[in-house]
Amino acid sequence: MDTMKSDLKPSFPTCSLCNKKSEKVVFGNILQVNKRYSVYECSSCKVWITHPIPSLKELSILYSTGNYRSKTGKRFNPVLEKIIHSLTIRKRNRINNYISSGRILDIGCGRGLFLNIMRSDGWSVMGYEFDEKSASHAINNYGIDVHTGVMDNQFEDESFDVVNVNHVLEHLKNPEQTLENCHRILKKNGLLVIAVPNIDSFQAKFGKDKWFQLDIPCHLYHFSSKSLNNLIEKKNFHIQATRHFKFEYNPFGWLQTILNVSGVRENHFYDLLKSSELRKTRSGILSLTEYLKLIFLIPLSIPVSVILSLIEAAYKKGGTIEVYAIKK
């Protein structure tokens, strides 16, 4: 009988940042990709942890070309792709305000758009990507040097002026180790740029387990502005600025979250905006009620989402946060 009781004890995730068990359940029983997940909070680090963490095989399938990104390297329809291109140029300009030229590494470079834009401005570029197929577009179409596989010791000490980690840290099993690597490979006074979804945002609190940017099971660790800043400073970086408004993320985060909460099939509108190749990977047709909700809510929710994004940014509670930090 005692053996049976012990077998029924729940397993708790261990936080890779502090090696302590996380026993506080934030969300439980989330069904995604035919598997159930929970989200726990670390009482020490105040980060959220997805449990169980998918295996390497499961992650490879999730990020493979044809699922997470099309063979052309694009994820969205042509109009959105042009907007993304324009916003990427704005990010380049923000980086240039800190360091105007040099050598940059993009961790999670995907199709290589950002690095291609940086290179056109005179930067020496290099990428790192988890999935070899995803990296192939950057290599074959842009001719960018992209490393894949285990990141440890792939790059020399103090060899980069800037390291960009854009919406990648939340995907990693050991984000602390990645930041240690970033510190090692950055030159003195080098710039670290990190963007992640913010669990302390107004949209996260409104959406709860329906929050668009929770993205279970792809997101393994979930950060607030405070927990991210604490981690960055712990790894010997000096934070220069934290942005709480990103046009390419925050308003749409609100929009899709509102639709999710309203009962429309989860993230369906987001799927509709993807390239035709990726849309084919999704099955199912909306019910009449879901379809009518979508038609009615979208024109109403778009201006509301922009306004709410500006409000949460003003209160430093943006749905996505972007941190600029200098290596000490």
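The values are calculated or read from the model by the stated rules, or taken from the named source; none is laboratory data. None of these values were measured; they are calculated from a predicted model. Positions of Cβ are generated from backbone atoms using ideal geometry, with glycine treated the same way; all protein chains shown enter the neighbour counts.
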Checklist entry - Among 283, 287, 309, which is modelled with pLDDT of 95 or more and not charged (D, E, K, R)? => result 309
Next on the checklist: Name the single residue that is farthest from residue 102 (Cα to Cα) among those in the stretch 122-139 being of a type in the set (A, V, I, L, M, F, W, C) and without any contact (Cβ under 8 Å) to a residue 40 or more places away in the chain.
Outcome noted: 135
Item to check | One residue from 166, 141 being more than 16 Å from residue 327 (Cα to Cα) and over 19 Å from the mean Cα position of the chain (by Cα) | outcome: 141
Checklist outcome for this item: Note on residue 46: of the conditions (1) at negative phi; (2) at pLDDT 90 or above; (3) surrounded by 13 or more Cβ atoms within 10 Å (Cβ to Cβ), unmet is (1)
Checklist entry - Consider residue 238 against the criteria (1) modelled with pLDDT under 95; (2) closer than 30 Å to residue 189 by Cβ: it satisfies all of them except one. Which criterion is unmet? => result (1)
Checklist entry - Can you name every residue in the stretch 297-323 that is surrounded by 20 or more Cβ atoms within 10 Å (Cβ to Cβ) and of a type outside the set (Gly, Ala, Ser)? => result 308, 312, 320, 321, 322, 323
Checklist outcome for this item: Scanning the stretch 201-219 residue by residue, those surrounded by fewer than 24 Cβ atoms within 10 Å (Cβ to Cβ) and under 13 Å from the mean Cα position of the chain (by Cα) turn out to be 215, 216, 217, 218, 219
Checklist entry - Between residues in the stretch 24-38 that are touching a residue at least 40 places away in the same chain (Cβ under 8 Å) and at positive phi and residues that are buried (at least 16 other Cβ atoms within 10 Å of the Cβ) and assigned to a strand (DSSP E or B), which pairs lie under 8 Å by C-beta distance while being six or more apart or on different chains? => result none
Checklist entry - Counting residues that are surrounded by fewer than 18 Cβ atoms within 10 Å (Cβ to Cβ) and out of contact with any Lys or Arg (no Cβ under 9 Å at 6 or more places or on another chain), which strands (runs of 3 or more DSSP E) fully inside the stretch 122-200 reach at least 2? => result 146-148
Checklist entry - Taking the stated definitions as given, is residue 127 of a type outside the set (S, T, N, Q), in contact with a His (Cβ under 9 Å, 6 or more places away or on another chain) and farther than 23 Å from residue 58 by Cβ? => result yes
Checklist entry - If only one of 74, 20 is among the basic types (Lys, Arg) and modelled with pLDDT of 90 or more, which one is it? => result 20
Item to check | Residues within the stretch 96-114 that are touching a helix residue (DSSP H, G or I) at 6+ places or on another chain (Cβ under 8 Å) and modelled with pLDDT of 90 or more, tallied | outcome: 9
Next on the checklist: Going through 193, 146 one at a time, which residue ends up being of a type in the set (A, V, I, L, M, F, W, C), more than 15 Å from residue 222 (Cβ to Cβ) and in contact with a Gly (Cβ under 7 Å, 6 or more places away or on another chain)?
Outcome noted: 146
Item to check | Test: residue in the stretch 242-256 that is modelled with pLDDT of 95 or more, surrounded by fewer than 23 Cβ atoms within 10 Å (Cβ to Cβ) and among the small types (Gly, Ala, Ser) | outcome: no
